[in-house]
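Asks: Below is a structure I'd like to ask you about.
Coordinate-derived values only; no laboratory data. For clarity, every value in this text was computed on a predicted model and none was experimentally measured. In this analysis, Cβ positions are derived from the backbone assuming ideal geometry, glycine residues included, and neighbour counts consider all displayed protein chains.
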Amino acid sequence: MKMYYSELGNYEMNNHVVAYEQDRLIGWEPEAGRGHPNAAPDGPESSRWGHRWSYRLTPDGPDATVVTEIYDCSAAPEHERRDMDNGAVWADDMAASLQRLDAICTQRAGQA
């Protein structure tokens, strides 16, 4: 996945699906990829840090789904959890992602 972060610039993350329940849940653990300062320089050695992201999907009537984004850093080193305020630093970005997802889905539903 191509990413951008102001402190890193452009980089890539390799996401590994670690949880899946059709129409209900998808969870992934990111691994530093090309251009990320923590990427393994000589190949696909694991650069995972114990971070897990998930989308939980809950039906809400015949034409709607409630999407909940979950961030779990409980397996990350303690100093990283502290630096990220146990994931609270991502709250605004997560809300923005859900808003973009809603806009895309609402637009597509209106076109059907």
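Asks: Calculated FRET efficiency, Arg108 and Arg34, Cβ-Cβ r, R0 35 Å, to nearest 0.05?
Replies: That pair, Arg108 with Arg34, gives E of 0.70.
Asks: At a 10 Å Cβ-Cβ cut-off, how would you order Cys73, Cys105, fewest neighbours first? Kindly include the intermediate steps, with their values, before the conclusion.
Replies: Numbers: Cys73 18, Cys105 13.
Exposure proxy ranking, most exposed first: Cys105, Cys73.
Asks: Compute the acute angle (0 to 90°) between the alpha-carbon long axis of helix 91-111 and the principal axis of greatest extent of the alpha-carbon atoms of the chain; round to the nearest 10°.
Replies: 40 degrees
Asks: What's the local net charge at Glu12, with K and R +1, D and E -1, over the other residues with C-beta under 13 Å away?
Replies: On the way: positive: Lys2, Arg34; negative: Glu31.
Overall, the nearby charge balance is +1.
Asks: Across the range 2-111, what fraction of all alpha-carbon pairs, as a whole percent, falls in each successive 10 Å bin from zero upward?
Replies: 13, 36, 35, 14, 2
Asks: Could you give the length gained by full extension between Ala19 and Asp92, i.e. 0.36 nm per residue of separation minus their alpha carbon distance, to one decimal place? Mind showing how you got there, number by number?
Replies: On the way: separation 73, 0.36 × 73 = 26.28 nm, distance 2.40 nm.
Full extension of this stretch gives 23.9 nm more.
Asks: Still on this model: In the chain, once you exclude exposed GluC sites (Glu not before Pro) (DSSP loop, at most 15 other Cβ within 10 angstrom), what's the longest stretch remaining?
Replies: Numbers: sites that count: Glu7, Glu45.
No qualifying site falls inside 46-112, the longest such stretch.
Asks: Relative contact order for the range 2-111 using alpha-carbon pairs under 8 Å, separation at least 6, rounded to a whole percent?
Replies: 15 percent
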